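Everything below concerns the one structure shown next.
The values are calculated or read from the model by the stated rules, or taken from the named source; none is laboratory data. Keep in mind it's a predicted model, so treat the numbers as computed, not measured. Reconstructed Cβ throughout: ideal geometry from the backbone, glycine too, with neighbour counts over all protein chains shown. With ligands, DNA and RNA removed, areas are computed over all heavy atoms of the protein, side chains included. Shrake-Rupley method; radii C 1.70, N 1.55, O 1.52, S 1.80 Å.
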Amino acid sequence: MRRRGRNRPNAKGRNENTTKRFAALPHEILISAAYRGLDLTARALLTEIVMIENGRNNGSLWLSVRDAADRLGITDARPISRAFEMLQLAGLIAMTKDAHFSVKASETSRARCWRLTWRPCDNKGASNEWRSYRPVSGTRESRRADKGQRAMARYRKQCAQNKMPVVDFTSMPPISL
């Protein structure tokens with residue numbers, strides 16, 4: 001019996017079933033000072049923006065503060081506004097079109113439009129503005145980034161020394177209930 005919806009590669013080696021999408025955040029970004037300096041709301045918002053991007057629409061990622069708050073389950077819009085500002089300041093996203101609600105027609109009233117700076121946009125390469133971001137020293141963001149960077153350095157050092165607590169489940173006898 002053949003199952004439906006299986007991922008079978010086509011002649012070019014790509015899967016035919018494209019419904020199983022994922023949101024990719026490169027490790028290079030995850031360990032950067034730009035990402036480490038973000039608060040949890042900004043990190044969650046970045047994930048929501050990455051979910052909107054489908055590989056062809058970077059630069060046309062429409063997301064308003066109200067919709068972002070709904071997506072994150074937050075009733076107060078102020079943390080979301082701050083998160084958008086933090087993401088822009090860190091160089092992880094950039095606004096391509098500002099919001100305008102002067103005319104209340106569906107084709108002209110729009111939320112802000114965003115792009116991910118590490119992805120190509122409009123046949124141009126990635127701008128990677130996040131690479132040059134350094135939090136202002138003495139701020140909450142710089143303390144958060146420094147603490148995160150130290151934790152990552154400790155983790156890499158422990159991995160290199162084989163000091164990580166790892167359980168080898170293949171060598172354990174099966175548990176009988």
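Some notes on this structure:
- One residue stands out among those in segment 46-62 that are surrounded by 12 or more Cβ atoms within 10 Å (Cβ to Cβ) and over 14 Å from the mean Cα position of the chain (by Cα): the one that is farthest from CYS113 (Cα to Cα), which is ASN57.
- Qualifying position, being modelled with pLDDT of 90 or more, outside any loop (DSSP other than H, G, I, E, B) and exposed (fewer than 13 other Cβ atoms within 10 Å of the Cβ), among ARG131, ARG150, ARG144, ARG71: ARG150
- Qualifying residue in segment 81-97 (condition: out of contact with any strand residue (DSSP E or B) (no Cβ under 7 Å at 6 or more places or on another chain), farther than 21 Å from ARG144 by Cβ and at pLDDT below 95): no
- Residue check for ALA11: open to solvent by 30 Å² or more (accessible area, probe 1.4 Å), at pLDDT below 90 and in contact with a helix residue (DSSP H, G or I) (Cβ under 9 Å, 6 or more places away or on another chain): no
- Residue within segment 79-90 that is touching a Phe, Trp or Tyr at 6+ places or on another chain (Cβ under 6 Å) and surrounded by 14 or more Cβ atoms within 10 Å (Cβ to Cβ) present: yes
- The condition of being within 27 Å of LYS20 (Cβ to Cβ), open to solvent by less than 30 Å² (accessible area, probe 1.4 Å), within 13 Å of the chain's Cα centre (by Cα) and among the β-branched types (Val, Ile, Thr) holds for ILE93.
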